[in-house]
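One structure is given below, encoded as structure tokens.
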Amino acid sequence: MITHLSGTIFEIFPSSVVIDCNGVGYSATISLQTYTSIQKQKQTLLYIQEIIRDDAYLLYGFSTQTEKNLFNLLISVNGVGPASAIMMLSSMSVAEISSAISSGNDTALQKIKGIGAKTAQRIILDLRDKLTAFETSEILGGSLNNKNKFEALSALEVLGISKKITEKIIDKILENNPTIEVENLIKETLKKL
């Protein structure tokens, strides 16, 4: 399974890119968000989602892991295929999609080409709870602060400590020291438990 591609941008268009990885060119479909973030680069790293069908082997590329994760959540909804998910990610930012789903704003989702009323409602119904589990704060923020919070919460959860217990402690630590490194954030949280 291909999880990412790192190499030279051989060819780029608003909807696709060809990345040369040691002499082999891989073509991936991309969103406008990804196009905007990589269009001026010579070298890039894309997070890849493979979709294998009877008649095609498709690669979808994303400039951030968060965008890839949201893509996978969107295609998990019945009636939303990869093309519709890419259209959504091209029409709205990750934060806007997340906000529309979390707030139940189906009107915003219906403005996207190919997303009707029933599909928009199904997306909201299926993903509202999953977005919370997926760590909405990381989607909305994308800042170092939120990334460190997400990584610390994940690490503490692996240690068997409930997210409900640690989240408030981590928020207070980040409020006082927004540039704290993940390791120190975990240590400080453990001290305060």
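Things worth noting here:
- Cα gyration tensor shape of the stretch 5-125, rounded if a/c is under 1.5, else prolate or oblate by comparing a/b with b/c: prolate
- Cα centroid separation - the stretch 41-120 against the stretch 143-193, whole Å: 29
- Karplus 3J(HN,Hα) series, Hz, for the stretch 171-181 with 6.51 cos²θ - 1.76 cosθ + 1.60 (x for Gly, Pro): 4, 5, 5, 5, 5, 7, 9, x, 9, 4, 6
- Shown for S6, S16, S63: other C-beta atoms within 10 Å of each C-beta, ranked fewest to most, produce the order S6, S16, S63.
- FRET efficiency for the S93 to K192 pair, using the beta carbon distance and R₀ = 30 Å, is estimated at 0.30.
- 3J(HN,Hα) along the stretch 161-169: 9, 4, 4, 4, 6, 7, 4, 5, 5 Hz, from the Karplus curve 6.51 cos²θ - 1.76 cosθ + 1.60 with θ = phi - 60°, whole Hz, x for Gly and Pro.
- Gained length - A56 relative to T107, 0.36 nm times residue gap less alpha-carbon distance: 15.0 nm
- Stretching V182 away from A155 to a fully extended chain increases their span by 8.8 nm, per 0.36 nm per residue minus the current alpha-carbon distance.
- Per-residue ellipticity at 222 nm from helix content only, as computed over the chain with -39500 (n - 2.57) for each DSSP H run of at least four residues, stands at -16500 deg cm²/dmol.
- Relative contact order for the chain: 12 percent, from Cα pairs under 8 Å spaced at least 6 residues apart, divided by residue count.
- In terms of its alpha-carbon gyration tensor, the stretch 4-62 comes out oblate; a/c meets the 1.5 threshold, while b/c is at least as large as a/b.
Read-outs: derived from the displayed coordinates by stated rules, not from any lab. Predicted model, so just to flag it, every value in this text is computed and none were measured. Neighbour counts run over all protein chains shown; Cβ positions are idealised from the backbone, glycine included.
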